[in-house]
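The values are calculated or read from the model by the stated rules, or taken from the named source; none is laboratory data. Treat the numbers as computed from the prediction; the structure is a model and nothing was measured. Here Cβ is always computed from backbone atoms with ideal geometry, including for glycine, and neighbour counts include all displayed protein chains.
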């Protein structure tokens with residue numbers, strides 16, 4: 001049985017921005033990234049608890065988890081497990097400071 005996966009409205013922009021950045025070096029890699037991120041997000045519907053919990057100080061972010069994009073280990077899917085399923089908050093390059101981004105997106109649920 002699969003779990004419903006929904007996304008913050010800005011997730012599509014995250015994906016396109018990262019693909020454009022990757023595309024500066026390789027258009028082929030950018031297309032692979034687009035496919036990989038969609039496949040990885042879809043995989044969360046079958047195993048929603050995979051990934052690692054983020055131990056963030058902010059209580060609002062207490063349920064945040066991350067999972068690497070398949071084939072792109074430096075790119076993370078940041079999500080929460082909620083009563084209605086998986087909620088993808090952001091897709092980021094792993095070295096990015098993302099706590100503020102997550103805080104903003106959780107406020108705008």
Unmet requirement for residue 33, which otherwise passes all of (1) under 17 Å from residue 68 (Cβ atoms); (2) within 12 Å of the chain's Cα centre (by Cα): (2)
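How many residues does region 71-84 contain that are surrounded by fewer than 16 Cβ atoms within 10 Å (Cβ to Cβ) and either on the phi > 0 side of the Ramachandran plot or touching a residue at least 24 places away in the same chain (Cβ under 8 Å) (or both)? Break it down into steps so the answer makes sense when it comes.
The first filter runs over region 71-84 and keeps only residues surrounded by fewer than 16 Cβ atoms within 10 Å (Cβ to Cβ), leaving 71, 73-74, 82-84.
From the residues that got through so far, the ones that are either on the phi > 0 side of the Ramachandran plot or touching a residue at least 24 places away in the same chain (Cβ under 8 Å) (or both) too are 71, 84.
Here the count works out to 2.
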Per-region count, region 10-47, residues touching a residue at least 12 places away in the same chain (Cβ under 8 Å), in a loop (DSSP other than H, G, I, E, B) and exposed (fewer than 12 other Cβ atoms within 10 Å of the Cβ): 1
Members of region 79-102 that are within 21 Å of residue 49 (Cα to Cα) and assigned to a helix (DSSP H, G or I): 99, 102
Tally of residues being modelled with pLDDT under 90 and touching a strand residue (DSSP E or B) at 6+ places or on another chain (Cβ under 6 Å) across region 9-49: 1
